[in-house]
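The values are calculated or read from the model by the stated rules, or taken from the named source; none is laboratory data. Computed from a prediction, not measured in an experiment: that's the story for all the values here. We place every Cβ from the backbone using ideal geometry, glycine too, and count neighbours over all the protein chains shown.
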């Protein structure tokens, strides 16, 4: 039998920090041979063979033994039931317990409950002639704690601050994307089977009062303040498909983005004046270019005392949690459940349109409709008609293409006249800010604000919109420079908002 590790300095459960800030240990990844990290020469990767969770011997669980996630699930279920009962919720779901109980009290109680459950299981293994080292026992404590309060197997991705995205197509085809755009394959299976992975996603869904199964095969969840989960259940996807998006820049400002080279100081001054002048701004670009980050930075240029409401299909802006805004409310559409009624909606379904009126009744001076993917376009139009100055993001291939994209989404939503759609865009969208992402010939990723255009009516047809470029990327650079002034009326309004009179005549 392997001797027990009696190191008195071994970690204890009390030393587990909050899961949202703890850094992960070195990850089991291998670089993608087709992508090299920035400023690193490409190297041949090792064979992409999944790491199988095995013990060094049949009787030893050492500090390096991989965690058995089936065991973690068993301990999580047992500890959760005990935790719920301790707070008087014997038959309640863990989600209800979280909603009705102070988080700090839950975590404090859970540590003792988890410790007792793990130590009991450890004694059982010792009685069978096996042994857990103190290091393995601590990691098991931590894994169960993460399974209840964090993201279980996914927690390691959250803890590694260099990871921005995780793509999962079944348990053994997992890719992570780091902040520099480098894709790497994760070699350790996330569960023993796809069925176990589905069960994990179902657990997250249940905590939020949602379902994930063949009858409800599409899931969109905000997990905490930094993670967005998207999942597709078979048969929509061939295997269970999960996407995790980590929001690492919730507190971004225009100044902080300018310091990274994402935009120039001239563009920063222009956008700050546009915000103060209550202009409607749409941030456009491809996936993963930084649209949401830039929108947060624009929102953080608002007066902190200005009452703010955000409307989102999936909560990801988190402007109510940054501490910058004194009065901020986050509203999120709800998918509903059950059968579809005569109106074509499920019981309890709340769409972005419904929340526009709510935002007005909440006394918002500024309403932001976040990502526009579909029916949110109607809410965006309603808010921008009000004239208080709003912000939204949209996917498009160029600044000019954003106009066609908005028109297409509005027409797809139904019951609208094409002429009305184009007149709304021409009359109520003031600026489109386009963000671009490029990997150059040295495999270096560049993200930058490439264009700011003014949306103006066409001379031939005033109800249709065209663009007037103000900032453009010229040549093979990664910087947008001032090239043209806006229309005279807008220039005057920006001047009233503090933009210097000589701004458009001096060099950017």
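Exactly one condition in (1) in contact with a strand residue (DSSP E or B) (Cβ under 6 Å, 6 or more places away or on another chain); (2) closer than 27 Å to residue 445 by Cβ; (3) in a loop (DSSP other than H, G, I, E, B) is false for residue 287; which is it?
Going through (1) in contact with a strand residue (DSSP E or B) (Cβ under 6 Å, 6 or more places away or on another chain); (2) closer than 27 Å to residue 445 by Cβ; (3) in a loop (DSSP other than H, G, I, E, B) one by one, residue 287 breaks only (1).
Just to be sure I understand, how many residues within the stretch 272-298 are in contact with a helix residue (DSSP H, G or I) (Cβ under 7 Å, 6 or more places away or on another chain) and over 17 Å from residue 437 (Cβ atoms)?
The qualifying residues number 9.
Listed here are the residues, each with its yes/no results for (1) surrounded by 17 or more Cβ atoms within 10 Å (Cβ to Cβ); (2) under 22 Å from residue 220 (Cα atoms); (3) not assigned by TED's automatic domain parsing to the domain that holds residue 227.
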{"position": "259", "(1), (2), (3)": "no, no, yes"}
{"position": "262", "(1), (2), (3)": "yes, no, yes"}
{"position": "280", "(1), (2), (3)": "yes, no, yes"}
{"position": "290", "(1), (2), (3)": "yes, yes, yes"}
{"position": "318", "(1), (2), (3)": "yes, yes, yes"}
{"position": "321", "(1), (2), (3)": "no, yes, yes"}
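Considering every residue within the stretch 286-296, establish whether at least one is within 23 Å of the chain's Cα centre (by Cα) and free of Cβ contacts under 8 Å to residues at least 24 places away in the same chain.
No, because not a single residue in the stretch 286-296 is within 23 Å of the chain's Cα centre (by Cα) and free of Cβ contacts under 8 Å to residues at least 24 places away in the same chain.
Here is a check on your reading of the model: is residue 233 within 22 Å of residue 286 (Cβ to Cβ) and in contact with a helix residue (DSSP H, G or I) (Cβ under 9 Å, 6 or more places away or on another chain)?
no
Among the residues of the stretch 407-423, is any touching a residue at least 60 places away in the same chain (Cβ under 8 Å), more than 16 Å from residue 281 (Cβ to Cβ), not assigned by TED's automatic domain parsing to the domain that holds residue 177 and not in a loop (DSSP other than H, G, I, E, B)? If you could, list the steps in order and put the result at the bottom.
Initial filter on the stretch 407-423 (touching a residue at least 60 places away in the same chain (Cβ under 8 Å)): none.
Within the stretch 407-423 (the criterion being touching a residue at least 60 places away in the same chain (Cβ under 8 Å), more than 16 Å from residue 281 (Cβ to Cβ), not assigned by TED's automatic domain parsing to the domain that holds residue 177 and not in a loop (DSSP other than H, G, I, E, B)), the answer is no, since none of the residues qualifies.
Residues to consider are 484, 428; find the one that is at pLDDT 90 or above, assigned by TED's automatic domain parsing to the domain that holds residue 278, touching a helix residue (DSSP H, G or I) at 6+ places or on another chain (Cβ under 6 Å) and surrounded by fewer than 22 Cβ atoms within 10 Å (Cβ to Cβ).
428
Residues to consider are 237, 205, 231, 222; find the one that is under 25 Å from residue 69 (Cα atoms), assigned by TED's automatic domain parsing to the domain that holds residue 150, in contact with a strand residue (DSSP E or B) (Cβ under 9 Å, 6 or more places away or on another chain) and part of a helix (DSSP H, G or I).
On the way: 237 fails: part of a helix (DSSP H, G or I); 231 fails: part of a helix (DSSP H, G or I); 222 fails: part of a helix (DSSP H, G or I).
Every option except 205 fails the conditions.
Looking for whichever is at pLDDT 90 or above, part of a strand (DSSP E or B), in the same structural domain as residue 198 (by TED's automatic domain parsing) and crowded, with 21+ Cβ neighbours inside 10 Å here; the options are 166, 144. Which one fits?
Of 166, 144, the one residue that is at pLDDT 90 or above, part of a strand (DSSP E or B), in the same structural domain as residue 198 (by TED's automatic domain parsing) and crowded, with 21+ Cβ neighbours inside 10 Å is 166.
Please verify whether residue 462 is assigned by TED's automatic domain parsing to the domain that holds residue 407, surrounded by fewer than 19 Cβ atoms within 10 Å (Cβ to Cβ) and either touching a helix residue (DSSP H, G or I) at 6+ places or on another chain (Cβ under 6 Å) or closer than 20 Å to residue 275 by Cα (or both), treating the condition exactly as stated.
no
Hey, does the stretch 80-91 have a residue that's farther than 17 Å from residue 206 by Cβ, within 26 Å of the chain's Cα centre (by Cα), assigned by TED's automatic domain parsing to the domain that holds residue 221 and modelled with pLDDT of 85 or more?
Looking through the stretch 80-91, none of the residues is farther than 17 Å from residue 206 by Cβ, within 26 Å of the chain's Cα centre (by Cα), assigned by TED's automatic domain parsing to the domain that holds residue 221 and modelled with pLDDT of 85 or more.
Those residues that are farther than 23 Å from residue 416 by Cα and either in the same structural domain as residue 225 (by TED's automatic domain parsing) or buried (at least 17 other Cβ atoms within 10 Å of the Cβ) (or both), I need them from the stretch 336-366; list them, please.
359, 364, 366
Among 455, 438, which is the only one that is surrounded by fewer than 16 Cβ atoms within 10 Å (Cβ to Cβ), modelled with pLDDT of 90 or more and part of a strand (DSSP E or B)? So that I can check it myself, show each step before the final result.
On the way: 455 fails: surrounded by fewer than 16 Cβ atoms within 10 Å (Cβ to Cβ).
Unique residue meeting the criteria: 438.
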